[in-house]
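Take a look at the structure below.
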Amino acid sequence: KSVQVIGVPLDLGVSKLGVDMGPTALRYAGIFEALRYAGIDYRDAGDIDVLRNFSLDPLSPAEREQAKLREIIRTSETLARFTAKAIEDGHMPIVLGGDHSTAIGSVAGAAKARGRIGLIWIDAHPDANTPETSPSGNVHGMPLAISLGHGMPELVNCLGFAPKVRPEDVCIVGAKDIDPEERKFLTRMGIRMFTTFDIENRGLARVMQEAVDVVSRGTNGVYVSFDADVMDKRVAPGTGITTRGGLTYREISFIMRSIGAGVELIGFDIIEVNPLLDKANGTAELCVELAMAMLGVKYTDYEKKYLASN
Ligand code: DIR
Ligand code: MN
Ligand code: MN
Ligand code: MN
């Protein structure tokens, strides 16, 4: 199996600068060295061209919002076509974000190529807001709703069809900060969500068994969208919204290994790595390790220090 890596330096869906450097941080953290270590064939497709956030500064607030939305629509279409093509050609796409509006395009592409897909959303937030329910107005809080067919029509209709996934094929893992209206939407849609409370309450092994079942049943493979902010701030400081009580290193490692062992993986996103907020790029390095875990390869400090270096 070969991998195609694409970077999406997109920060137009958030209010903080820095996630546009996610792709660079992940490359610098050694994602290609890791793939080489694992003997996995790969190609770096480079970064999609995206308007820089600060280039919009001269515009009025209203014009700026319009320009951001237009650019997110354009980027989503480009990424969706790339992702679909990679899958149709027999490759596994790994998408380096970028804020989470990146997933609008990658999920669209996976659905275009495979039809009925399962989707695992690993995130401290369900990202299931619509413009009507969003407390922030930020598009990175909306991509799951959009993939389910709810939100701005231009984004919902990415690649010309909607919805991208059925509610019964979606599973959220690790959520803890959920907006009230967003929770109502998820309940109404019948989305399976495993919060950090559920992980404590039921045990992670049982939660992951059920998550894998939900997304696998009846689907032609599973796409994973991984937001680095699901991890505790001491584990992963290099991400937009860091909070107390996120997942531990062992929890997130277990989640990735369970997915790798349990599903037919179509591809995945690594989202919201922000090197400006990081300590010596450690969050990006951890995300590389976690990506490898999803690919079924152990690539911890032990391999890096003792095995890969010889
Ligand atoms: C919040 C924050 N629910 C919003 N979402 C974040 O703006 O809609 N998602 N940070 O990753
Ligand atoms: Mn997110
Ligand atoms: Mn999040
Ligand atoms: Mn986010």
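The values are calculated or read from the model by the stated rules, or taken from the named source; none is laboratory data. Owing to the predicted nature of the structure, the values given are computational and were not obtained by experimental measurement. FYI the Cβ positions are ideal-geometry reconstructions off the backbone, even for glycines, and counts take in every protein chain you see. The protein model used for the area step is the full one, side chains on, heavy atoms only, and it has no ligands, DNA or RNA in it. Shrake-Rupley method; radii C 1.70, N 1.55, O 1.52, S 1.80 Å.
One table, with the values for the structure above:
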read-out: Residue in the stretch 117-139 that is crowded, with 21+ Cβ neighbours inside 10 Å and more than 16 Å from ligand 1 (Cβ to nearest atom) present; value: yes
read-out: Residues (in a loop (DSSP other than H, G, I, E, B) and among the small types (G, A, S)) located in the stretch 145-169; value: G149, G151, A162
read-out: Selection from the stretch 205-214 of residues that are buried (at least 19 other Cβ atoms within 10 Å of the Cβ) and either in contact with a Phe, Trp or Tyr (Cβ under 9 Å, 6 or more places away or on another chain) or not aliphatic (A, V, I, L, M) (or both); value: V207, M208, A211
read-out: Qualifying residues in the stretch 47-102 (those that are assigned to a loop (DSSP other than H, G, I, E, B) and of a type in the set (A, V, I, L, M)) - the one most open to solvent (accessible area, probe 1.4 Å); value: L51
read-out: In the stretch 40-65, the residues that are of a type in the set (S, T, N, Q) and at pLDDT 95 or above; value: S60
read-out: Which listed residue is part of a loop (DSSP other than H, G, I, E, B), within 15 Å of G97 (Cα to Cα) and of a type in the set (D, E, K, R), from D44, D11, D20; value: D11
read-out: Output for the stretch 153-200, where each listed residue is closer than 17 Å to T130 by Cα, touching a Leu at 6+ places or on another chain (Cβ under 7 Å) and open to solvent by less than 50 Å² (accessible area, probe 1.4 Å); value: V165, P167, M189
read-out: Whichever residue in the stretch 103-116 is more than 15 Å from ligand 3 (Cβ to nearest atom) and in contact with an Asp or Glu (Cβ under 6 Å, 6 or more places away or on another chain) and, among such residues, is most open to solvent (accessible area, probe 1.4 Å); value: A113
